[in-house]
Amino acid sequence: MILSICDSASVLKVMRIIIILIKAIRIAVPIILIVTVILDYLKAVTDGDLSAPTKGVVRKLIAAVLVFLVPTFVRITIKLVDTSNEYYKCIENATSEGINNAQVSEAKQYILNAKNTLRRGNLQIAQRAVAKLDSADKQSLSAELSKVEKEVEQAEKERKAAADATASLRDSQRNSSSNNSSNNNSNNNNNNNNSSSGNPSGPSGVTANGKYTKTQIIDMTEDQVRAMSNSEFIDFIASAAQLVYREYGGVLPSVTVAQACLESGYGDHFESTSHNVFGLHGYPSEKPLVSFLRKFDNFYEGTYYHYAYFEAYSNVYGDFLAACANKNAMQAASYLSRYAGGSSTYASNIQSLITQYDLTKYDN
């Protein structure tokens, strides 16, 4: 899409060079042609024959005017052809300020990707993008990057601990298989007790208080989510919703959970590989589509963009966000008919889910 191209700092840099060259040609060529005409006349005066240069003067003057006006003709043509003004906006943004704004926007997007994936590779991409900045935004973005780096380091520790625990469990299972049946029964009982204790390193990936960490949410596979019971799915999405709400505010976790339950059938129905349990299809445009749903890298990112959707269209969902700010989940849900394309039952269904599962407990 051309709009995304125009938002690229690299593309704008190339366009700026081209525009500078065109401007140089626009001035240089007419000057050269005019100088040529003058030299021809000087030569004619020297030779005593003023009729000779007159033949080419008109052609050269017309050529000089045309070359000077070419950029103007190009701009007029673009405006006539490109009714959305995207190409024209692209040209207008090819300035030092426009390039700087594009670099800042790219850096912010890279930081967001790092926050929503907690991967070292994405963090390094964000760090390189911020390092290239020379604007006032660099200091604030560097501070934000430092926070993300700590999150990534914590995630790496969690992943290592989970991997070590899994390896230890496998070793334990291999050792127990060589014991006699009575020892096997004893070991199996111990293993069952350990897995039900809510240990983060266990198969369920649930922390001791029944909540999922950000790392566990990000690493959760679609098959694991589909295998969850209704209550497990609610607890899983509630963890993501609470994390996003604590950092960004906006949509109450109770409403987020209810929408995820209704849109995906408690995690049973959503397009494979999309991680999209909120039914987002038109937003955000930069994310690819899987069938009719936007594809996210993980369930945490999907939850973040569910919040970001309402923020992006705050002019439409102003009453909804105001009710969320007042922590009135039932009133907020009453404004959600537009989310489902004007459905007359969607809002009441959300309210019923909030009541049925006492979802407002996640709003505290």
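The values are calculated or read from the model by the stated rules, or taken from the named source; none is laboratory data. All figures in this text were calculated on a predicted structure; none of them were measured in a lab. For neighbour counting, all protein chains shown are included, and Cβ atoms are generated from backbone atoms with ideal geometry for every residue, glycine included. For accessibility, only protein heavy atoms count, side chains too; no ligands or nucleic acids. Shrake-Rupley method; radii C 1.70, N 1.55, O 1.52, S 1.80 Å.
Shown for the range 129-177: lysine pairs separated by 8 or more places, or found on different chains, whose C-alpha atoms are under 24 Å apart, numbering 7. Ignoring lysines fewer than eight residues from LYS361 along the same chain, the ones with Cα atoms less than 16 angstrom from its Cα are LYS211, LYS327. Ordering of 67-74, 268-275 by packing is 268-275, 67-74, highest average first (other Cβ atoms within 10 Å, averaged per residue).
Here the Karplus relation 6.51 cos²θ - 1.76 cosθ + 1.60, evaluated at θ = phi - 60°, turns the backbone of the range 61-67 into coupling constants of 5, 5, 4, 4, 5, 5, 4 Hz, with x for every Gly and Pro. If the segment from LYS138 to ILE76 were pulled out straight at 0.36 nm per residue, it would be longer than the present Cα-Cα gap by 18.6 nm. Listed peptides 287-297, 36-46, 243-253 appear in the order 243-253, 287-297, 36-46 once ranked by packing, highest mean of other Cβ atoms within 10 Å at the front. Once you sort the root eigenvalues of the Cα gyration tensor of the range 237-358 as a ≥ b ≥ c, which label holds: rounded (a/c under 1.5), prolate (a/b larger than b/c) or oblate (the other case)? The shape class here is rounded. Here each label is just a point 7 Å from Cα along the line to Cβ, and for GLU311 and SER285 those points are 1.9 nm apart.
For the range 242-309, the spread of Cα positions along the three principal axes, ordered from largest to smallest, is 31, 26, 17 Å.
For the range 104-117, the Karplus equation 6.51 cos²θ - 1.76 cosθ + 1.60, evaluated at θ = phi - 60°, returns couplings of 5, 4, 5, 4, 5, 5, 5, 5, 4, 4, 5, 5, 8, 10 Hz by residue, with Gly and Pro reported as x. Once neighbouring chains are kept in place and the probe is 1.4 Å, which whole percent of the accessible area of the range 230-317 is contributed by carbon and sulfur? Solvent-exposed carbon and sulfur of the range 230-317 make up 46 percent of the total. Residues whose amide H comes within less than 5 Å of that of VAL290, counting only those at least five positions distant or on another chain, are LYS295 (H built at 1.01 Å from N in the peptide plane). The calculated FRET efficiency for ASN326 paired with SER105, based on their beta-carbon distance and R0 = 30 Å, is about 0.40. Each peptide among 217-223, 129-135 gets the average number of other Cβ atoms lying within 10 Å of its residues, and from highest to lowest they stand as 217-223, 129-135. Across the range 359-364, rounded Karplus estimates of 3J(HN,Hα) from the backbone phi angles (6.51 cos²θ - 1.76 cosθ + 1.60, θ = phi - 60°) give 5, 5, 5, 7, 7, 7 Hz, Gly and Pro being marked x.
Heavy-atom accessible surface of the range 238-326, averaged per residue, reaches 36 Å², computed with a 1.4 Å probe. Cross-link reach is defined here as a Cα-Cα straight distance under 14 Å, omitting same-chain residues fewer than 8 places apart; for LYS43 none of the aspartates and glutamates meet it.
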